[in-house]
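Novice: Here it is, the structure in full.
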Amino acid sequence: MQLFEVKEILEAELLWEPADLQLEIEMAEAADLMSDVLNRRLGGDLLITGLINSQVIRTAEVADIKAIAFVRGKKPDREAISLAMSKGIPLLTTQLLMYEACARLAMKGLTGSSGTI
Amino acid sequence: MEKKELMWDYEIEGKDFRNAGRVSSKVKDILKELGFDPDFVRRVAIASYEAEMNVVCHADKGTLHFAILPQALQIVVKDRGPGIPDIELAMQEGYSTAPPEIREMGFGAGMGLSNMKKNADELHIVSTVGQGTVVEMVMRSPRSRQGSA
């Protein structure tokens, strides 16, 4: 699945442009606890989260996460968005709740980072 | 051929949440630039980031020393802070003394030390209550892509 498809499925808004909408997203994970994101062997390409501070961007960078989707219409501050831009990490924001966002993507075939769906 | 040892030293400010992670980002950039295996780079970056966050969250200030040795990579994080009274207890997943502001940032759930242990080949912790903590991590490196002798 490519990032533009994720954007459509989540009816999301892109928080900085021009992010690469052709970016390939093969696996996703959802977490609000950044240490959980860091505590895994498999990489997830997309992080779905309700947390919007700059540590989310840093965590994504460190853990090789390609893109982040914020749920419940949340948006990080300008500084966090600038950090994401400088690291080339596209940011999406969707009005959907976390469970709904995950379910929509799973129903469209996006797998989880542990490979169980 | 002359053997060159590569090392870097960075300072970490306690409670400076805006810049937390900056040092580990630099460590990652250096390793990427030197052509190390991406999975290895991620392991190092994660371990470094957790150690850096511990300094930011708990200590007054600290340093991160990072060295590429012939057979391995070494990270030493020293801080001036409260120290860890019971290291064995602190190593248990879920044990945390982090205040709410740190939990709000998605950390402080007692995963930091175990994440470091998981990603490092060796983890040594020496701590003196009321003075500070020294965390040393060693990661045995796969050869860099560019290859050295």
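The values are calculated or read from the model by the stated rules, or taken from the named source; none is laboratory data. It should be emphasised that the depicted structure is a prediction, and the values quoted were computed from it without experimental measurement. With ideal geometry, Cβ positions are generated from the backbone for all residues, glycine too; neighbour counts draw on all protein chains shown. What goes into the accessible areas is simple: the full protein's heavy atoms, side chains included, and nothing from ligands, DNA or RNA. Shrake-Rupley method; radii C 1.70, N 1.55, O 1.52, S 1.80 Å.
Novice: In the range A:29-48, what count of residues is obtained for those that are surrounded by fewer than 23 Cβ atoms within 10 Å (Cβ to Cβ) and under 9 Å from the mean Cα position of the chain (by Cα)?
Specialist: Residues meeting the conditions: 3.
Novice: Looking at B:F107, is it in contact with a Ser or Thr (Cβ under 8 Å, 6 or more places away or on another chain), within 14 Å of chain A (Cβ to nearest Cβ) and open to solvent by less than 90 Å² (accessible area, probe 1.4 Å)?
Specialist: Here the answer is yes, as B:F107 does meet what is asked.
Novice: Kindly indicate whether A:E8 is open to solvent by 10 Å² or more (accessible area, probe 1.4 Å), part of a helix (DSSP H, G or I) and within 10 Å of chain B (Cβ to nearest Cβ).
Specialist: Numbers: open to solvent by 10 Å² or more (accessible area, probe 1.4 Å): yes; part of a helix (DSSP H, G or I): yes; within 10 Å of chain B (Cβ to nearest Cβ): no.
No: the conditions fail for A:E8.
Novice: Could you identify the single residue in B:D37, B:D29, B:D60 that is over 21 Å from B:L113 (Cβ atoms) and in contact (Cβ under 8 Å) with a residue 12 or more places away in the chain? I'd like the intermediate steps shown before the answer.
Specialist: Numbers: B:D29 fails: in contact (Cβ under 8 Å) with a residue 12 or more places away in the chain; B:D60 fails: over 21 Å from B:L113 (Cβ atoms).
Testing whether each residue is over 21 Å from B:L113 (Cβ atoms) and in contact (Cβ under 8 Å) with a residue 12 or more places away in the chain leaves just B:D37.
Novice: May I ask you to list the residues in the range B:99-119 that are closer than 30 Å to B:P38 by Cβ and outside any helix (DSSP H, G or I)?
Specialist: Initially, the range B:99-119 is screened for residues closer than 30 Å to B:P38 by Cβ, giving B:102, B:105-119.
If the condition is that a residue be closer than 30 Å to B:P38 by Cβ and outside any helix (DSSP H, G or I), then B:M105, B:G106, B:F107, B:G108, B:A109, B:G110, B:M111 are the ones that fit.
Novice: Being surrounded by fewer than 14 Cβ atoms within 10 Å (Cβ to Cβ) and assigned to a loop (DSSP other than H, G, I, E, B) is the filter; apply it to the range B:1-14 and report the residue that is modelled with the lowest pLDDT.
Specialist: B:M1
Novice: Determine whether the range A:62-71 contains at least one residue that is under 15 Å from B:F107 (Cβ atoms), at the interface with chain B (Cβ under 9 Å from one of its Cβ atoms) and open to solvent by 20 Å² or more (accessible area, probe 1.4 Å). Even if it seems obvious, please write down each step before you answer.
Specialist: Filtering the range A:62-71 down to residues under 15 Å from B:F107 (Cβ atoms) leaves A:62-63.
So of that shortlist, the ones also at the interface with chain B (Cβ under 9 Å from one of its Cβ atoms) come out as A:62-63.
Narrowing further to those that are open to solvent by 20 Å² or more (accessible area, probe 1.4 Å): none.
Taking every residue of the range A:62-71 in turn, none turns out to be under 15 Å from B:F107 (Cβ atoms), at the interface with chain B (Cβ under 9 Å from one of its Cβ atoms) and open to solvent by 20 Å² or more (accessible area, probe 1.4 Å).
Novice: In the range B:26-41, what count of residues is obtained for those that are surrounded by 21 or more Cβ atoms within 10 Å (Cβ to Cβ) and within 11 Å of chain A (Cβ to nearest Cβ)? Can you show your working first?
Specialist: Here is the first cut: in the range B:26-41, the ones surrounded by 21 or more Cβ atoms within 10 Å (Cβ to Cβ) are B:27-28, B:31, B:36, B:41.
Checking which are within 11 Å of chain A (Cβ to nearest Cβ) leaves us with B:27-28, B:41.
Residues flagged as surrounded by 21 or more Cβ atoms within 10 Å (Cβ to Cβ) and within 11 Å of chain A (Cβ to nearest Cβ) within the range B:26-41 amount to 3.
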